[in-house]
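The structure under discussion appears below in the form of structure tokens.
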Amino acid sequence: MSSTNTDKSKGSSSEQGNCPPIFTSTCSEYKNFLSKIELYLQLHSDKYDTNEKKILFVITYLDKEALLWAEGWLAQRKKHETTKEPVLESGSFLKFKTSFKETYEPLNLIQESMDELYKL
């Protein structure tokens, strides 16, 4: 059995790079997850060439609370969409990433500060 680049297991790899890890809302893993997502999307820019494809790709690597957050984000987008453009277009990958960062970065900064205090 051969491994493909769509294999979601952590550490799976192919000639085309490692797949990102599954993100489960662990704030300490937020920066690592986002970095790996960005690298993977750049490496596969020919395949993930629209906002919709990028967002849906990222969502496939979310689990637990993070997946619930993404479902809520999508529902909110659909609710407020007033143009005839597809719901996930018009610069929304940037909006998705910004919202993702706003959701997980502050908690991550608090956790990092707590870790630093613990080291003292």
- [ ] Would you please put 31-44, 53-66 in order of how densely packed they are, using the mean number of other Cβ atoms within 10 angstrom per residue and starting with the highest?
- [x] 53-66, 31-44
- [ ] Could you provide, to the nearest whole Å², the per residue accessible area of the range 26-66 with probe 1.4 Å?
- [x] 54 Å²
- [ ] Over the range 15-60, with every protein chain in place, what whole percent of the accessible area is carbon and sulfur at 1.4 Å, could you tell me?
- [x] 49 percent
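The values are calculated or read from the model by the stated rules, or taken from the named source; none is laboratory data. Since the structure is predicted, the reported quantities are computational estimates derived from the model, not experimental observations. Because the Cβ atoms are built from the backbone with ideal geometry, glycine has one as well, and the counts that use them run over all protein chains shown. Heads up: the accessible areas ignore ligands, DNA and RNA and are worked out on the full protein's heavy atoms, side chains in. Shrake-Rupley method; radii C 1.70, N 1.55, O 1.52, S 1.80 Å.
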